[in-house]
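Please treat every number below as a calculation from the coordinates, not as lab data. Bear in mind that the values here come from a model prediction, so they are computed numbers and not experimental data. Positions of Cβ are generated from backbone atoms using ideal geometry, with glycine treated the same way; all protein chains shown enter the neighbour counts.
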Amino acid sequence: MLPRTIFPRLEEYLNQHYITVITGMRRVGKSTALKYLLDKAPMLYPD
């Protein structure tokens, strides 16, 4: 996978309680970005 400049910016939002919408043209890597971020996200368990 090519390093993307947006990934570090998206990682800043992982610990915040905001909704982030990722939009764009078809086949530009939106799903790949989501999978990358899910691997980086801390596991959350509901109480």
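What the table below lists for this structure:
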| item | result |
| --- | --- |
| Within the chain, helix-based [θ] at 222 nm, where runs of 4 or more DSSP H residues each add -39,500 (n - 2.57), nearest 500 | -10000 deg cm²/dmol |
| Cα-based helix-to-principal-axis angle, 30-40 vs the chain, degrees rounded to 10 | 40 degrees |
| At 1.002 mPa s and 20 °C, Stokes D of the chain from Kirkwood alpha-carbon radius, µm² per second | 180 µm²/s |
| Ranked Ile6, Ile19, criterion: other C-beta atoms within 10 Å, fewest first | Ile19, Ile6 |
